[in-house]
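The block underneath contains the structure these notes are about, expressed in C-alpha cells.
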Amino acid sequence: GESVGLHLPTLSVQEGDNSIINCAYSNSASDYFIWYKQESGKGPQFIIDIRSNMDKRQGQRVTVLLNKTVKHLSLQIAATQPGDSAVYFCAENDPSGTYKYIFGTGTRLKVLA
Amino acid sequence: DVKVTQSSRYLVKRTGEKVFLECVQDMDHENMFWYRQDPGLGLRLIYFSYDVKMKEKGDIPEGYSVSREKKERFSLILESASTNQTSMYLCASSFSAGPGTQYFGPGTRLLVL
C-alpha cells in the first residue's frame, strides 16, 4: 500500500491494549490543536481537537492531553483495534496566520493481532 | 458529514504539462486549502482561499497557482509540471474564520515523469 512517510516512528501495540501517541508542538502561542488519523492511500481524518484553555478532552475511545508547560500533546486510544492501524499526526494552529496550521510528521501505529 | 472530494485519485503527467487538480466541498465552507504531503515531511501549505476569488500564498507557492470562482470549488494548477512536483496533494476545507477543524479530501497522488 501507499505510505505517507517511509521513515516514521512506529508504535506497535497489541490488540486490546491502550495506545499513547505523542507530539511535541512548536509554538507556545498556539491555542488550538487537532489530531488526525491517516490510513494508507487516504486523506487525513479528524479525530479530536482541543483548545489551549483545556488540559484534557475525551471522545469515543480517544483522549487528548495537552501540557502547555512543555508544549506536549498526546493521543490516547483505549482498547486498540486493528482498524486503528494508521499514521497519526497532530496539528497546531499557527498564531502568525489565522488560517494556517503546523503539522507534525506523524507516528505509525501498528496493531498486532 | 462533511464531504471533500478531489477530481482524481491518481495522475501521471509529463514534465512541462499543465495540470489541473480540482477540489469540491459540500458544506458551504468559506476556507479551502491545498497541501502537498511528502515522505518525512509534514503537510505543507501551498495556497489557501478564505472566500470566492480570494487567495493567499502558503509556505510553498512556487510553481503553483489556484482558482476559486465558486465557493464550493478550489482548483490547483501546475502551469508547467516538473518532476519535483511529484507528490500527494491534499485539499481541505474549514468553516471557522478562526482556528477550526480542517476536513480533508482523499488526496491526489501525482507522478510527473
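The values are calculated or read from the model by the stated rules, or taken from the named source; none is laboratory data. The model shown is predicted, which means the values in this text are computed figures rather than measured ones. Cβ sites come from the backbone with ideal geometry, for glycine too, and all protein chains shown count toward neighbours.
Is the range B:29-38 home to any residue that is more than 28 Å from A:I50 (Cβ to Cβ) and part of a loop (DSSP other than H, G, I, E, B)? Within the range B:29-38, none of the residues are more than 28 Å from A:I50 (Cβ to Cβ) and part of a loop (DSSP other than H, G, I, E, B).
For the range A:42-52, taking the residues that are at the interface with chain B (Cβ under 8 Å from one of its Cβ atoms) and outside any strand (DSSP E or B), the one that is nearest to the chain's Cα centre (by Cα) is identified as A:P44. Restricting attention to the range A:18-35, the residues being out of contact with any Leu (no Cβ under 9 Å at 6 or more places or on another chain) and closer than 19 Å to A:T80 by Cα number 1. Within the range A:75-103, take every residue that is surrounded by fewer than 22 Cβ atoms within 10 Å (Cβ to Cβ) and acidic (D, E) and give me the one that is nearest to the other protein chains (Cβ to nearest Cβ). The selected residue is A:D94.
How many residues does the range B:27-58 contain that are within 20 Å of A:S96 (Cα to Cα), free of Cβ contacts under 8 Å to residues at least 60 places away in the same chain and either polar (S, T, N, Q) or more than 9 Å from every other protein chain (Cβ to nearest Cβ) (or both)?
Summing the residues that are within 20 Å of A:S96 (Cα to Cα), free of Cβ contacts under 8 Å to residues at least 60 places away in the same chain and either polar (S, T, N, Q) or more than 9 Å from every other protein chain (Cβ to nearest Cβ) (or both) in the range B:27-58 gives 8.
Return yes or no: is A:D55 acidic (D, E), more than 30 Å from B:Q25 (Cα to Cα) and more than 10 Å from chain B (Cβ to nearest Cβ)? Taking the combined requirement at face value, the residue satisfies it. Looking across B:Y47, B:Y64, B:Y35, one residue alone is under 11 Å from the mean Cα position of the chain (by Cα), closer than 16 Å to B:V112 by Cβ, at pLDDT 95 or above and not small (G, A, S). It is B:Y64.
In this structure, does B:L90 turn out to be out of contact with any Ser or Thr (no Cβ under 9 Å at 6 or more places or on another chain) and either of a type in the set (D, E) or within 30 Å of A:I50 (Cβ to Cβ) (or both)? So B:L90 fails the test. Taking (1) under 25 Å from A:T105 (Cα atoms); (2) outside any strand (DSSP E or B); (3) within 13 Å of another protein chain (Cβ to nearest Cβ) in turn, B:N84 satisfies each apart from (3).
Taken as a whole, the condition of being surrounded by fewer than 18 Cβ atoms within 10 Å (Cβ to Cβ), in contact with a strand residue (DSSP E or B) (Cβ under 9 Å, 6 or more places away or on another chain) and part of a loop (DSSP other than H, G, I, E, B) applies to B:E17. Among the strands (runs of 3 or more DSSP E) confined to the range A:53-105, the ones with at least 2 residues that are aromatic (F, W, Y) are located at A:86-93, A:101-103.
Only a single criterion out of (1) surrounded by 15 or more Cβ atoms within 10 Å (Cβ to Cβ); (2) on the phi > 0 side of the Ramachandran plot; (3) more than 12 Å from chain B (Cβ to nearest Cβ) is not satisfied by A:G106, namely (3).
Just one of the numbered conditions (1) polar (S, T, N, Q); (2) touching a Pro at 6+ places or on another chain (Cβ under 8 Å); (3) buried (at least 17 other Cβ atoms within 10 Å of the Cβ) is not true of B:S49: (2).
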